[in-house]
1. Which residue out of Leu815, Leu768 is open to solvent by 10 Å² or more (accessible area, probe 1.4 Å), under 18 Å from Arg698 (Cβ atoms) and at pLDDT 95 or above?
2. Condition (residue is free of Cβ contacts under 8 Å to residues at least 40 places away in the same chain, open to solvent by less than 30 Å² (accessible area, probe 1.4 Å) and within 25 Å of Phe355 (Cβ to Cβ)) applied to the stretch 420-442: is it met by at least one residue?
3. Would you check which residues across the stretch 296-320 are of a type in the set (Gly, Ala, Ser) and at pLDDT 95 or above and list them?
4. Got a sec? Which helices (runs of 4 or more DSSP H) wholly within the stretch 33-93 have at least 2 residues that are among the charged types (D, E, K, R) and closer than 25 Å to Ile112 by Cβ?
5. Take the stretch 503-543 and flag every residue that is under 25 Å from Tyr894 (Cβ atoms), assigned to a loop (DSSP other than H, G, I, E, B), over 31 Å from the mean Cα position of the chain (by Cα) and among the charged types (D, E, K, R).
6. May I ask you to list the residues in the stretch 73-115 that are of a type in the set (Val, Ile, Thr) and within 30 Å of Trp153 (Cβ to Cβ)?
7. Could you go through the stretch 86-106 and let me know if any residue there is under 25 Å from Ile242 (Cβ atoms), over 37 Å from the mean Cα position of the chain (by Cα) and open to solvent by less than 40 Å² (accessible area, probe 1.4 Å).
8. In the set Glu79, Glu129, which member is more than 21 Å from Asn42 (Cβ to Cβ), over 38 Å from the mean Cα position of the chain (by Cα) and in contact (Cβ under 8 Å) with a residue 40 or more places away in the chain?
Amino acid sequence: MLFLITFVCLVVRFSQAEPYKFPDHFKFGVATSAYQIEGAWNVDGKGFHIWDMATHNHSHLILDGSNADITCNSYYKWEEDIDLIKNLGVDFYRFSISWARIFPDGYVTNKINQVGIDYYNKIINTLLEHNIEPVVTLYHWDLPQIFSPLGAWTNPAVIEHFASYARKMFQLFGDRVKMWITINEPRLVCQVFKGSIGDITLDFPLGIAEYLCAHNIVKAHAEAYHIYDKEFRHIQKGKISITVDMTWWLPENASSKEDVRLAEQNMQFDIGLYVNPILNYDYPKVVIDRVAERSRLEGFPESRLPKFSYQEKNRISGTYDFLGINHYFTMIVKASQEPPVSKSDIDIDSQGEKFRDPNWEPTGLEIFKVLPESLRNVLKWVKKTYHDPEIYITENGYADNREIIDDDERINYFRKYLNATVNAIIEDKVNVVAYTAWSLMDNFEWILGYEHTFSLEWKFPNDFKLGVATASYQIEGAWNTDGRGASIWDTFTHNRSVLIKDGSNGDVACNSYYKWEEDVEMAKNLGVDSYRISLSWSRILPDGTTRKINQPGVDFYNRLINKLLENDIEPIVTLYHWDLPQKFSAWGGWTNPAVINYFAHYARTAFGLFGDRVRTWITLNEPRLICQAYKGLVGDVTSDFPLGTSEYMCAHNLLKAHAEAYHIYDKEFRRTQKGKISITLDFTWTEPANSSNPDDVRAANQNIQFDFGIYANPIMKFDYPKVVIDRVAQRSRLENFPESRLPKFTLAEKLRIKGTYDYIGINHYITLYGRSSPEPPISDPHIDLDAAGERFSNPNWEGCAAYWIKIVPWGLRNLLKWIKNTYRNPEILITENGYANAGDELEDDGRIRYYRSYLNATLQAILEDGVNVKGYLAWSIMDNFEWTHGYTLKFGLYHVNFTDPNRTRTPRKSVEYFKNVTRTRTVG
């Protein structure tokens, strides 16, 4: 209410902070858009559009999982909306037309929906009755769904359909509408939402799709402009243009020529890409040159940026009567090394390191800051760059996240930004003629849903553990030093180095057996609560048995644990991270149940040696990878069981081994040591390719059960998942096995395994789509055939050097919710999550983006979904030996120079980011 009163006062044309008065001809307005307020999504003949499909089929993309099926219900409450507008005393009301409400299937030549026309006629007529000018946007992101499978705006066919739609709108409403906006914020359409809305599968990868989209949108705008100009202007006497969003780019150092150059370059990639062809002629030269150069380096035969023909340039140039500007963001850019040639990306094309100043005045939404001078700078930049066009500020506003009426922060925001506007008019002589507040009312804010913003308390709880993780074989080195016995990975890397990508091994690795104090200093520098290590079984028990305890190995871990505790860092200790003593390899490794007792004895030894100081234990790391990925590849194992059988034998024995270790701790040590113990499982999230297709939903769940449930269910429920039992039994019968290849637990074993957890450890790296496929033919048994279905990733997802890892943070959030719903919300510790690069670069912005998005997904799961997540451990504190990938993948916050005998550690840029996370307990 306070905002409403204040805005009524403001439209008397005074700026309160300065003695300036807005010109008499200056217009004030408020704005909305169709999908964000109307609701009635499938009412009165309205067709589907891409946001209907996105919110229904991919609700995980929306912060609160909501949709705009009803939203503000303005389809029915439009008269009340106009009363609100009248009460504000504004000159105009900006709204958009839903293309699919007028043309349900998007095609002008097909059915026109008269009920939709009547709806907009009522709004326009009532506005005019109250002397409120309608400012109408033709396209505010809600493309009819029919164009989505065609590639949406990447397909030039949409241009003609948009032009036909525009012509019909001018015919229907142009006798009363004098201000038209063709398209709202093409940059967000093309660069931010790209293929993530509707059911689009882009024909072009990122780095190409954005430019094709921009190319077609600019041409579509021009066609609509010319239709109005030639067929309607002389009668209707209105104006028409486009609205672009304008981020103001600041150089980090205004005295640095390179920073200044990059700020201008980013302005051109953000704004000039769309505005320059319209207000000047062709794309900005820096954009043309940069994309051409990067394309050449990437091996493309021509630039990824399409070229306008001479005729197209002439047709587009000058297609504006004013320029619409939406302004919310300010960014800082500083010079950085030229990004390496990898996958194409428009952010790489635009160049520079980009960030916000954490000290800027915040709003309720983390990415919005209160910087009114940036609006003034944008206006001056437009005046200087484009010969002082007429400017309409078509959106500017403040987001909060609370159900409040006394919105003093919003009042302060509008006062400052209106003051910046009037200063630009009076002092800088910028031709600004209107200001539009976003928004008339709260609404559906796209991927933010109804959350508008992140919580002001959007931070990790006080008891949440932020840490880093390593594993013994991957960092320690000293493979045959001080009495350590051989493990299967020693044997494997020495005898079969051809199977390691770079032929390397972990003989020295990070040399942490000698550099452990430096490692602890790095952990301390990061400010972490926890440091996850693993014990080398064969460093403590050289032949795997308790016949001989190796005291130098015990001393090593004692020193490490004690030093961590001295620095207030909790050691989280994994008993087994894949480095089985070589002695057991010839027995069949984990396919032999004899290993269970030896592991139990080793666990008891470890609890006795270190448990007085260790409060969090992990029995086994990622049994799925032990059993399914590496199977007989490590050590010198010749399995007694073929594939399709050995994986299940391995899983069966690992589960029993875990349970034995748990019961030993529970009965012999818990009372005095007061710690927790569980297992860590890797979880690949499989999302149904089509959540409306029951077969895809079934296939996705089936793969989750074969990946995750096969290990989690016996521990957290009772026995293997039913679908796993049934599927393996059925295929075994068809393969002529006398019984199921999946072993059965006895009732006593089920009872002994059930409940053997104090929390659940989760490693997450992979998200995939799953869809149904024909039943695989009967051939050689294989666990993938048992699981069935087809799994794939979206080629448009951002990746990293590890081909299997894509940046899909909603996959983490979804799996956390799935665990909550499936296993009654157990305590969860995220024990690994991380990003790989291939080179030695220290400017690891990709890793920072990765951690920020996955930490935010974790917070969403905690604060919004009520998932009981208690910790997040980044993989890894430093580069290390990455198993069959050797040293070709670098997961470290700290870079390690593996060609230097000293194995020098150097902090990457992400170290400072992670330090800020641990210090502020926010995602930054």
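1. Numbers: Leu815 fails: open to solvent by 10 Å² or more (accessible area, probe 1.4 Å).
Leu768 is the lone residue from the list that is open to solvent by 10 Å² or more (accessible area, probe 1.4 Å), under 18 Å from Arg698 (Cβ atoms) and at pLDDT 95 or above.
2. Initial filter on the stretch 420-442 (free of Cβ contacts under 8 Å to residues at least 40 places away in the same chain): 427.
When the remaining residues are screened for being open to solvent by less than 30 Å² (accessible area, probe 1.4 Å), the result is none.
No: zero hits.
3. Just the residues of the stretch 296-320 that are of a type in the set (Gly, Ala, Ser), to begin with: 299, 303, 309, 317-318.
Of everything in the stretch 296-320, those that are of a type in the set (Gly, Ala, Ser) and at pLDDT 95 or above turn out to be Ser303, Ser309, Ser317, Gly318.
4. Values: elements: 34-37, 50-57, 74-88.
Helices (runs of 4 or more DSSP H) meeting the threshold: 74-88.
5. The one that is under 25 Å from Tyr894 (Cβ atoms), assigned to a loop (DSSP other than H, G, I, E, B), over 31 Å from the mean Cα position of the chain (by Cα) and among the charged types (D, E, K, R): Asp507.
6. Initially, the stretch 73-115 is screened for residues of a type in the set (Val, Ile, Thr), giving 82, 85, 90, 97, 102, 108-109, 112, 115.
Passing the criteria: Ile97, Ile102, Val108, Thr109, Ile112, Val115.
7. Of the stretch 86-106, the ones under 25 Å from Ile242 (Cβ atoms) are 90-103, 106.
If we keep only those that are over 37 Å from the mean Cα position of the chain (by Cα) as well, we get 90-92.
Imposing the further condition that a residue be open to solvent by less than 40 Å² (accessible area, probe 1.4 Å) reduces the set to 90, 92.
Yes.
8. Working: Glu129 fails: in contact (Cβ under 8 Å) with a residue 40 or more places away in the chain.
Of Glu79, Glu129, the one residue that is more than 21 Å from Asn42 (Cβ to Cβ), over 38 Å from the mean Cα position of the chain (by Cα) and in contact (Cβ under 8 Å) with a residue 40 or more places away in the chain is Glu79.
The values are calculated or read from the model by the stated rules, or taken from the named source; none is laboratory data. Keep in mind it's a predicted model, so treat the numbers as computed, not measured. Methodologically, a virtual Cβ is constructed for each residue, glycine included, from the backbone with ideal geometry; neighbour enumeration extends over all protein chains shown. The protein model used for the area step is the full one, side chains on, heavy atoms only, and it has no ligands, DNA or RNA in it. Shrake-Rupley method; radii C 1.70, N 1.55, O 1.52, S 1.80 Å.
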